[in-house]
Amino acid sequence: PIPPNAFFMNELTERKTERLHLRRMLISDFPSLIKYINNPVIAENILNIPYPYSEEDAIARLNLILKGLKEESRYVFAIVWPRTNELIGEIGLHIDTENNKAEMGYWVGGPFWGMGIATEAAKEILKFGFENLRLNKIVATHFLNNPSSGRVLEKIGMVVEAELKDEYFHNETYHTVMRYRMTLNEYEALN
């Protein structure tokens with residue numbers, strides 16, 4: 001179970017990897033957030049990201065993130081490039097407390113694609129979900145037209161669980177997605 005008021009605890013709001021700093025989003029991140037997320041390719045592949053992306057969208061996003069932290073239903077981390085201390089993406093878990101599982105989602109700004117950043121961040125979020133939140137299962141999906149996201153999930157050891165036909169209606173089109181999973185037992189076997 002997630003400890004009460006976990007969002008105030010530093011280990012649940014800040015993580016460091018070899019190259020990245022994962023932390024809570026700050027208002028000072030808005031210029032970087034808007035610069036990198038304001039990309040039609042990102043908006044095409046993530047359900048709740050509009051294009052074009054405005055400051056009002058950033059404010060609404062931060063409010064959603066803070067509400068999720070307070071309710072312990074959503075943990076979203078800014079992916080920060082330490083060399084510039086700039087937000088270059090996000091990664092998070094949307095918690096299903098009733099079933100002790102979560103759905104992972106992420107995006108990385110275009111200039112940082114192909115550098116293994118999503119893989120590094122996702123590996124750390126698996127660790128966070130299983131070791132800190134004590135989840136039993138983490139799932140993630142990607143649209144079929146975004147195989148790069150599937151490669152990230154495979155690299156961190158997640159396995160294909162299902163192809164979900166016409167699962168989402170997004171941008172006036174039905175999208176089939178691949179769903180990946182990792183259970184606590186699978187995580188422990190890998191580690």
Be a star and scan the range 89-110 for residues whose amide nitrogen sits under 19 Å from the point 7 Å along the Cα-to-Cβ vector of Glu188.
-> 99-102
Each label point is 7 Å from the Cα along the Cα-to-Cβ direction; what then is the distance between the points at Asn99 and Lys127, in nm?
-> 2.7 nm
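Calculate the tail of P(r) for the range 55-112: the fraction of all Cα-Cα distances greater than 19 Å, expressed in %. Spell out each step's value before the answer.
Working: 612 of 1653 pairs.
Of all Cα-Cα pairs in the range 55-112, 37 percent lie more than 19 Å apart.
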Residues with amide H under 5 Å of Leu135's amide H, sequence separation 5 or more or different chain, H placed in the peptide plane at 1.01 Å from N; which?
-> Phe130
In Å, descending, principal axis extents of the Cα set of the chain | 40, 39, 30
Roughly speaking, to the nearest percent, how much of the chain's 1.4 Å accessible area is carbon and sulfur?
-> 50 percent
Suppose R0 equals 22 Å; then what is the FRET efficiency for Ala60 and Leu164 from their Cβ-Cβ distance, rounded to the nearest 0.05?
-> 0.20
So, in nm, how far is label Lys70 from label Arg181 when the simple model puts each one 7 Å beyond its Cα toward the Cβ?
-> 3.4 nm
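Ratio to report: Rg/Rh of the range 113-191, with Cα atoms as the point set and Rh obtained by the Kirkwood method; give two decimals.
On the way: Rg = 13.4 Å, Rh = 13.3 Å.
Expressed as Rg/Rh, it is 1.01.
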As a check on your grasp of the helix formula, calculate [θ] at 222 nm for the chain: sum -39500 (n - 2.57) over DSSP H runs of n ≥ 4, divide by the residue count, round to the nearest 500.
-> -9000 deg cm²/dmol
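Seen from all sides and averaged, what is the projected area of the convex hull of the Cα atoms in the range 77-137, in nm²? Walk me through the numbers on the way to the answer.
Numbers: hull surface 16.9 nm².
Mean projected area for the range 77-137: 4.2 nm², to one decimal.
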Along the range 13-21, Karplus-curve 3J(HN,Hα) (6.51, -1.76, 1.60; θ = phi - 60°) to the nearest Hz, with x for Gly and Pro, reads 10, 8, 9, 10, 10, 4, 10, 10, 10
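The values are calculated or read from the model by the stated rules, or taken from the named source; none is laboratory data. Predicted model only: the values in this text are computed from it and were never measured. Cβ: placed from backbone, ideal geometry, glycine included. Neighbour counts: every protein chain shown. Side chains included, ligands, DNA and RNA excluded: accessible areas come from the protein's heavy atoms. Shrake-Rupley method; radii C 1.70, N 1.55, O 1.52, S 1.80 Å.
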